[in-house]
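Chemist: Below is a structure I'd like to ask you about.
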Amino acid sequence: MIAAIIRLSIANRMIVLAVSLMIALAGVWALRSTEVDAIPDLSDVQVIVKTSYPGQSPQVIEDQVTYPVAIAMLAVPGATDVRGFSFFGDSYVYIVFDEGTDPNWARTRVLEYLGQISANLPEGVVPQIGPDATGVGWIYQYALIDRTGRNDLAQLRTLQDWFLKYELQTVQGVSEVATIGSMVKQYQVVVDPNKLRAYNVPLSAAKKAIQQANRETGGSVIEMGEAEYMVRSTGYVDELADIAAAPLMVNARGAAITLGNVAEIRFGPEMRRGVGEFNGEGDAVGGVVILRWGGNALATIKAGEALIEEIRPNLPEGVELVTTYNRSGVIERAVENL
């Protein structure tokens with residue numbers, strides 16, 4: 001048998017060489033395209049539903065948000081387990097699916113059932129599903145620091161939330177870039193109840209004024225001299241004084257009562273849960289890059305590092321981007337020992 005195979009191979013040596021070359025090329029392609037990671041993903045197929053209801057106690061969250069969402073998720077096809085957790089201001093519902101369920105199909109079905117219960121939730125409460133990632137998707141982490149003191153934590157947080165986060169989310173394979181550390185800057189309106197009483201202004205009027213203080217509207221067009229001119233009202237907030245100038249009502253003498261007459265308008269930090277620290281030097285701002293389901297961890301990290309090197313020269317003066325965790329080293333050492 002072996003002698004016959006050898007004779008056949010010698011007689012058709014060009015075909016054998018061509019097939020061998022094709023197999024070798026296929027092997028190279030498979031090696032370059034195979035998903036490479038050092039940590040096996042043994043997690044269940046699950047979808048996380050997060051719902052924010054700011055300022056509410058865990059009991060209110062449980063009764064008005066977590067329970068209705070969890071009950072609806074029990075009917076999702078393929079769901080084997082539903083777990084609900086209620087915290088101050090936030091609700092989390094975990095839906096676990098049968099082994100082998102396609103993650104994207106599971107997310108689609110969860111979204112379908114969430115749409116059916118929106119009318120049963122409190123006004124303004126909108127459930128959101130978590131990123132298409134797993135528990136082992138944490139592949140890269142970095143910190144933003146400024147040892148010169150030119151940029152404070154609020155400025156670093158703004159840089160992370162409105163620039164770096166969106167840039168890194170464009171990398172192929174990245175599901176989410178989560179921000180950690182510092183606090184989100186807020187426009188805070190601290191209403192004085194005594195002033196409300198003195199001006200005879202209801203709290204609902206102050207709330208409505210805040211909602212209407214940051215908007216623009218169009219007024220169609222005006223034709224003049226065979227030309228059309230667009231009419232629009234500009235009302236976006238540029239500074240604190242714009243919020244303070246928002247009108248509430250007119251008093252008996254015809255004078256306008258503004259939001260600044262009954263409240264203090266200021267910048268302030270959002271209430272936070274947790275803290276980020278760098279090397280024992282105090283509070284820091286950072287980001288965590290999460291890998292998408294089925295993504296190539298090594299290729300995603302390399303692409304992210306290349307993008308960071310492009311971004312680094314354009315960071316504000318004094319700002320450093322320091323890598324604090326990088327899984328690529330573990331992956332490369334594991335591959336070397338195969």
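Chemist: Given the structure, is residue 311 free of Cβ contacts under 8 Å to residues at least 40 places away in the same chain, of a type outside the set (D, E, K, R) and surrounded by fewer than 16 Cβ atoms within 10 Å (Cβ to Cβ)?
Modeler: Against the criterion (free of Cβ contacts under 8 Å to residues at least 40 places away in the same chain, of a type outside the set (D, E, K, R) and surrounded by fewer than 16 Cβ atoms within 10 Å (Cβ to Cβ)), residue 311 does not qualify.
Chemist: Does residue 185 qualify as being of a type in the set (Lys, Arg), closer than 30 Å to residue 308 by Cα and surrounded by 11 or more Cβ atoms within 10 Å (Cβ to Cβ)?
Modeler: Yes, satisfied.
Chemist: Right, next: More than 21 Å from residue 155 (Cα to Cα) and surrounded by 13 or more Cβ atoms within 10 Å (Cβ to Cβ) - does that describe any residue in segment 316-324?
Modeler: Scanning segment 316-324 turns up no residue that is more than 21 Å from residue 155 (Cα to Cα) and surrounded by 13 or more Cβ atoms within 10 Å (Cβ to Cβ).
Chemist: Please work out which one of (1) at pLDDT 95 or above; (2) in contact with a Ser or Thr (Cβ under 6 Å, 6 or more places away or on another chain); (3) not hydroxyl-bearing (Ser, Thr, Tyr) is the condition residue 285 fails and give its number.
Modeler: If we test residue 285 against (1) at pLDDT 95 or above; (2) in contact with a Ser or Thr (Cβ under 6 Å, 6 or more places away or on another chain); (3) not hydroxyl-bearing (Ser, Thr, Tyr), just (1) comes out false.
Chemist: Would you check which residues across segment 92-107 are among the β-branched types (Val, Ile, Thr) and over 15 Å from residue 43 (Cα atoms) and list them?
Modeler: 93 - this is the single residue of segment 92-107 that is among the β-branched types (Val, Ile, Thr) and over 15 Å from residue 43 (Cα atoms).
Chemist: Is it the case that some residue within segment 67-76 is under 25 Å from the mean Cα position of the chain (by Cα) and more than 16 Å from residue 113 (Cα to Cα)?
Modeler: no
Chemist: Across segment 68-79, what is the total count of residues that are in contact (Cβ under 8 Å) with a residue 12 or more places away in the chain and either assigned to a helix (DSSP H, G or I) or touching a Leu at 6+ places or on another chain (Cβ under 7 Å) (or both)?
Modeler: Count: 5.
Chemist: Now for a different question. Which residues, taken from segment 49-69, are closer than 12 Å to residue 107 by Cα and surrounded by fewer than 17 Cβ atoms within 10 Å (Cβ to Cβ)?
Modeler: The answer is none; no residue qualifies.
Chemist: Filter segment 215-235 for residues that are out of contact with any Ser or Thr (no Cβ under 9 Å at 6 or more places or on another chain) and at pLDDT 85 or above; which is surrounded by the most Cβ atoms within 10 Å (Cβ to Cβ)?
Modeler: Filtering first and then ranking leaves 221.
Chemist: Would you point out which residue out of 79, 72 is closer than 14 Å to residue 45 by Cα, surrounded by 14 or more Cβ atoms within 10 Å (Cβ to Cβ) and among the small types (Gly, Ala, Ser)?
Modeler: 79
Chemist: Moving on to the next point. Taking the options 152, 98, name whichever one is in contact (Cβ under 8 Å) with a residue 24 or more places away in the chain and of a type in the set (Asp, Glu).
Modeler: Being in contact (Cβ under 8 Å) with a residue 24 or more places away in the chain and of a type in the set (Asp, Glu) holds for just one of 152, 98, which is 98.
Chemist: What pairs can you find where one residue is in segment 15-29 and at pLDDT below 80, the other is not hydrophobic (A, V, I, L, M, F, W, C), and their Cβ atoms are less than 6 Å apart, with a gap of 6+ or different chains?
Modeler: 16/9
The values are calculated or read from the model by the stated rules, or taken from the named source; none is laboratory data. Just so you know, these numbers come straight off a predicted model, no measurement behind them. Neighbour counts run over all protein chains shown; Cβ positions are idealised from the backbone, glycine included.
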